[in-house]
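One structure is given below, encoded as structure tokens.
None of the figures in this text is laboratory data; all of them are computed from the coordinates on show. This one's a predicted model, so the numbers in the text were calculated from it and none came from an experiment. Heads up, the Cβs are rebuilt from the backbone with ideal geometry, glycines too, and the neighbour counts pull from every protein chain shown.
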Amino acid sequence: MSSTYVAIVESNPHLRSLLGWHIRERGYFVQLFGKFQHAKESFERQLPTLVILNSDLPDGDGLELSQWLSEKHHPVILILSARNTEKDIVRGLKMGADDYLTKPFGMQELLARVESLLRRKAMMMVPLSLEYGDLKIDLVQRRVLYQGNNVDLTPQEFSLIYVLTQAGGLPLSRGELLSRAWPESIDNPRTVDTHVLSLRKKIEPDPRQPNLIQTVRNIGYKFNLEFLMDISKRQHDLLKSS
């Protein structure tokens, strides 16, 4: 099951169950709520990825819950409402909703909107940069800073260091690096060796005894994230003690 958590806050028990069944069928983790207060108490403990929210709840205004969520937490919010005037829709969107669907509605339309909102959420969560201790990878400008200094990399070297760091310290074979880091099909593993050597010259204090990009015998290469984090920790501790 997906780790995406969808909360459904709907006062009508039949509609609530039907929505829950269809969303679960899409592979999402779902929780159902029939009241404003129960939902709010749960959201204070665990925030959903997406909230499908009825504007009319027996113990409170669903739009107020939408506003509270958007101000404090920023999940994606889809309002369901029988209020269908332009004024109602505008009010719902201004109170934090990302989308507004009027009742009655078709289930396929609702599911399409859910998928669209979750895709949008996933795109918004893509990081602009990655940081590993003193190493910063700027994904927008495609540049690397190490210990505060700009590292002058070719486009291919940037792709290579990005793929190596994304492996989380696990070794990658030359074949895996070729398939992930090279834009075109290349079947010469020595191409990887050449670029690793060039990259080491630019970021390793001693390229002949590399600590950051390590060779893993009979496999390929790995990026030593632990070494990088240890350096940053030691520098931080020195600054604190001085």
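Details
- Amide H contacts under 5 Å for residue 60, placed H, 5+ residues apart: 36
- Set the Cα radius of gyration of segment 129-241 against 2.2 N^0.38 Å, with N its number of residues, and you get 1.06.
- Prolate/oblate/rounded call for segment 1-75, Cα gyration tensor, a/c under 1.5 rounded: oblate
- Calculated Kirkwood radius over Cα pairs in Å (choose from (i) 21.6; (ii) 19.0; (iii) 18.0), label: (i)
- Beyond 18 Å in Cα-Cα separation lie the following of the pairs 136/202; 35/121; 87/121: 35/121; 87/121.
- Convex hull of Cα atoms in segment 5-124, direction-averaged projection (nm²): 6.7
- The angle between the Cα long axis of helix 62-72 and the longest principal axis of the Cα atoms of the chain comes to about 20 degrees, rounded to the nearest 10.
- Rounded, prolate or oblate (a/c below 1.5 giving rounded, otherwise prolate when a/b exceeds b/c) for segment 116-190 by Cα gyration tensor: oblate
- Computed helical MRE - 222 nm, the chain, DSSP H runs ≥ 4 contributing -39500 (n - 2.57), nearest 500: -14500 deg cm²/dmol
- With K and R counted +1 and D and E -1, the other residues having a Cβ less than 13 Å from that of residue 39 yield a net charge of -2.
- The phi-based Karplus calculation (6.51 cos²θ - 1.76 cosθ + 1.60; θ = phi - 60°) puts the 3J(HN,Hα) values of segment 112-121 at 5, 5, 4, 4, 5, 5, 5, 5, 5, 4 Hz, whole numbers, x for Gly and Pro.
- Part-to-part distance (alpha-carbon centres) for segment 1-73 and segment 123-188, which is given in Å: 38
- Among 77, 23, 8, the order by Cβ neighbours within 10 angstrom, fewest to most, reads 23, 8, 77.
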